[in-house]
1. Condition check: more than 15 Å from ligand 2 (Cβ to nearest atom), touching a strand residue (DSSP E or B) at 6+ places or on another chain (Cβ under 7 Å) and either more than 23 Å from Asp116 (Cβ to Cβ) or part of a strand (DSSP E or B) (or both). Does Tyr317 satisfy that?
2. Just name the residue that is nearest to Pro226 (Cα to Cα) out of those in segment 326-340 that are open to solvent by 10 Å² or more (accessible area, probe 1.4 Å) and in contact with a Leu (Cβ under 9 Å, 6 or more places away or on another chain).
3. Is it the case that some residue within segment 246-261 is open to solvent by less than 10 Å² (accessible area, probe 1.4 Å), of a type in the set (A, V, I, L, M, F, W, C) and either part of a strand (DSSP E or B) or at pLDDT below 95 (or both)?
4. What tally of residues in segment 225-263 results from selecting those that are in contact with a strand residue (DSSP E or B) (Cβ under 6 Å, 6 or more places away or on another chain) and within 13 Å of ligand 2 (Cβ to nearest atom)?
5. Does segment 202-222 hold any residues that are part of a strand (DSSP E or B), over 16 Å from Ile236 (Cβ atoms) and more than 15 Å from ligand 2 (Cβ to nearest atom), and which are they?
6. Which pairs do you get when a residue that is away from ligand 1 (no atom under 13 Å from the Cβ), found in segment 253-275, comes within reach of a residue that is in a loop (DSSP other than H, G, I, E, B) and not β-branched (Val, Ile, Thr), reach meaning Cβ atoms under 7 angstrom, with the pair 6+ apart or on two chains?
7. Scanning segment 148-169 for residues that are aliphatic (A, V, I, L, M) and touching a helix residue (DSSP H, G or I) at 6+ places or on another chain (Cβ under 8 Å), which turns out surrounded by the fewest Cβ atoms within 10 Å (Cβ to Cβ)?
8. Quick one: in segment 85-134, of everything that is of a type in the set (Phe, Trp, Tyr) and within 11 Å of ligand 1 (Cβ to nearest atom), which residue is nearest to Trp178 (Cα to Cα)?
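The values are calculated or read from the model by the stated rules, or taken from the named source; none is laboratory data. Computed from a predicted model, the values in this text were never measured in an experiment. Note that each Cβ is placed from the backbone with ideal geometry, even for glycine, and that neighbours are counted across all protein chains shown. Each accessible area value is taken on the protein alone, full model and side chains, heavy atoms only, with ligands, DNA and RNA left out. Shrake-Rupley method; radii C 1.70, N 1.55, O 1.52, S 1.80 Å.
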Amino acid sequence: MNGRALFLPLLSSIVAIGCSDDTVLSSYDLRGNTMGTTFNVTLVAPPAQADLHQLKAGIQEKLEHIENIASTYRANSELSRFNANPSTDWISVLPELCDMIAAAQDVSDTTGGAFDITVGPLVNLWGFGPLESEPELPTDDEVAAARLKVGSLKLQTNCEQSMLRKTIADVYVDLSGWAKGYAVDEIAALLDASRLTNYLVEIGGELRVSGHNAEQQKFAIAVEKPLQNNEMEYSIVRLSDAAVATSGDYRNFYEHDGQRYSHTIDPRTGRPVTHELTGVTVVTSSTAYADAMATALLVLGPDDGHALAEQLDLASYFLVRTEHGIEEISTSQFAQLRQQ
Ligand code: ADP
Ligand code: MG
């Protein structure tokens, strides 16, 4: 996680100024840690204590389950076991893993490989993987060698049979750019199944809202805008029934000889993205898709990323570093959202 969209309770109450007290509903926040970051579930007009207790347990269990399937940080996860298996035969995996991988592979197709879950060997090489250590910068030869292991065509899916196949033994799948958004969608599905209609679910800045907030207004979502002096400004969008994901180069990065290395890798060069695009926010209906598209648009940069987002009718918001400060670029869909 690096860029972030935030739910601002304060702002949503400012939005609600003028409401009489009896229009403000109660709300309940459930917070915790998951996937190396935090999660927050806000329930508007929460259910009775006993149901709430059960719901909390259900959410924790769901998050644990997803980590046990998709985390590269757990050596025993379904994904880590697949990664460690050098076989190039078809391998049976849990259906959920197969479905996640197949859906992520579709985004790879849509984005010309800018989003690519086989990027794992490069993520690890640049020190953004499970080992977390900040290594010496890799040599060109090491980058070239890792690139040979990367490419979505090296990973095949047959989800009717729940099977995956590596075309070469060294394929290593990284779902870190997919799993948080996916988990948000899964928790939302859990809440929907419990007939809750007004809520916000957020994991590490990727979020989804349904219905209205406690003030019976749309949720006010604040997108971070990093300023040059390390300060933050916020751009606000008001949303109901939408997913929001942000990718940026200003939270998870390291500096080496004055150069900033972000954890988003351009699979086409094998190197961290270094262009002037500092953050991208995507608003759409699926959080998993928003999460992946935000990463893809960050890789593609302000020109190609903006063009693809317009072509896909995707509400997207780009923050570009210029010598005069941060320039904002919105797709037509995003501009419409901001007027609402
Ligand atoms: P952000 O919020 O900035 O998108 P995420 O945690 O959602 O951050 O995703 C970043 C992670 O995705 C990286 O740490 C890495 O594991 C993985 N990743 C990096 N580059 C790519 C890429 N081009 N395609 C898919 N996944 C990537
Ligand atoms: Mg993301």
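1. Numbers: more than 15 Å from ligand 2 (Cβ to nearest atom): no; touching a strand residue (DSSP E or B) at 6+ places or on another chain (Cβ under 7 Å): yes; either more than 23 Å from Asp116 (Cβ to Cβ) or part of a strand (DSSP E or B) (or both): yes.
Taking the combined requirement at face value, the residue does not satisfy it.
2. Selected residue: Ile326.
3. No, segment 246-261 has no match at all.
4. Number of matching residues: 8.
5. Correct list: Ser210 only.
6. His256/Leu137; Arg260/Asp249
7. Going through the qualifying residues, I end up with Ile168.
8. Filtering first and then ranking leaves Phe115.
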